[in-house]
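Presented below is the structure to which this report refers.
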Amino acid sequence: MLAGGSHRVSSRRLSARRQLLLATFWFGISFVWGALLAVTLTFLLVPEHPGPGNPLLVSPAQKNTALTVLESGGLLVAVIVQPAAGALSDRLRTRWGRRRPVIAVGATGAVVCLLLVAGAQAFLFLVAVYCALQFCMNIAQGAYQGLLPDTVSAAQRGGASGFLGVATLSGQVVGAVAAGVIAPRTTCLLIAGVVALTSVLTLAGVPERPAGAAVGDEALPSRMLRQPLRAVRGYLAEFARYPDFCWVVFSRFLIFTGLAGIQRFAANYIRDTFPGSYRLFGFDLGSAQTTTSVMLAVVILCGLAVTYPAVRLSDTVGRRRILVAAAVAGACASVLFFFATNVTQVVLFALPAAVCFGMVVSVDWAFMADLAPRRRAGKFLGFSNVATAGAQAAAPTVLGPVIDAVNARSVPAPGVPGSAGYRVLFVVAAVFFLLGAAVLRRVRTTHLAEADDELGVLPAPAALAT
């Protein structure tokens, strides 16, 4: 049922075991996208060894454009669904809590969709089931993001966000490695198992109090059906009261657009720029799929090493300074990629991007949790997915067709793919990183005053941003 009332964040300290279980489903979410977006989808569309049961789904010359169509459709679904699911979970009241039932429904649907992705034999069918997968995963994630502010006190939020950052990067690296050594269709079955296991561990290990239910009014869903435009305006109006939160979300969008552009096209960049030359530090990795997987694993492991120290340092020097440094590191990596001449250089030049990613996934999330009103955490942190999913949609939507067009005009010889389009990608990514750093200067405070937030009034700044 939907109910009114208030929800007060727990003042009890959460044990390290509970924090780990809270972060477990984030590992599963990151495993999905680390395996699927970084490696698996690319080689589902254009397999390195096509054959019966594993056909070419698109022309190799149009692979970046096809990736644009596939991912953009699904991620636009995510932009809409996750904030709505978060807002719904803010109002839901059941004896199992307000977040866990929504997470369970979304995770179950995602498992079914992944099984369908594994069997896709046509491009349009793959697009349809991928959009359904995004729908289900973002139902689960929209509610899941509200669990941290629901269950973790403000004093522990930096540490808990560090656990989430570690879970994010470790899920990404394990997913990327698995996708590199396992056939793409088999990888989809593995991903389904990981989603099922990690969601069950979090649901069983992080109980909710039934009384910690809802804010809002019962008439909202029916009002949204009767007057959708008015309901959307009302939904967005609340964010105007929290401009610092909105600036952090916008910065997240810009930085993640730079990161997503590099990650999404990494496999095709390696396949087109270094065809048949897949030697990393003297070792021949044999295929573009394995090379992409190993490269991403090295990069993400380096990012993982800085995740927890970065969020702890941000407790001392301020979140904003760490995020600005992260954005500048990402811009440096983009410039270096422009000059790479072999796979080993690509990996070395990617290390600043790894530092950027490691800092952003932990510190940025902690910053948003600091600035989101506790009573509306599901809605606000769900809305942050507009930045995450929107960036992942924007990067391929804009860049995929451009890369294919520029590559087609830079073919060095018949039968040899062009690669100049990827240099356009790196320049654009650097610009987005720097814009993300610049936007953070608009953030004036570091966190909300909890007491004001509980009263439901416009909160006074608790501290100025540094």
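Where a number appears in this text, it was derived from the coordinates with a stated rule and is not lab data. Just so you know, these numbers come straight off a predicted model, no measurement behind them. With ideal geometry, Cβ positions are generated from the backbone for all residues, glycine too; neighbour counts draw on all protein chains shown.
Descriptive notes on the structure:
- Ranking of S419, S89 by count of other Cβ atoms within 10 Å, fewest first: S419, S89
- Along principal axes, Cα extents of region 307-409, largest first, whole Å: 54, 28, 16
- Here T94 and F125 are evaluated by their C-beta separation; at R0 = 30 Å the FRET efficiency comes out at 0.30.
- With R₀ fixed at 22 Å, the C-beta to C-beta distance from L56 to V424 puts the FRET efficiency at about 0.30.
- A Förster distance of 35 Å, applied to the separation of the beta-carbon atoms of A204 and R312, puts the FRET efficiency at 0.75.
- Using a simple spin-label model with pseudo-atoms 7 Å out from Cα toward Cβ, A438 and R241 lie 3.2 nm apart.
- Sorted by Cβ density within 10 Å, fewest first, the residues Y308, Y130: Y308, Y130
- Rg ratio (alpha-carbon, reference 2.2 N^0.38 Å) - region 19-455: 0.95
- Each of F281 and Q345 was given a label point 7 Å from its Cα along the Cα-to-Cβ line. The distance between the two points is 1.9 nm.
- Panel order for F123, F380, by other beta carbons found within 10 Å of each beta carbon, from fewest to most: F123, F380.
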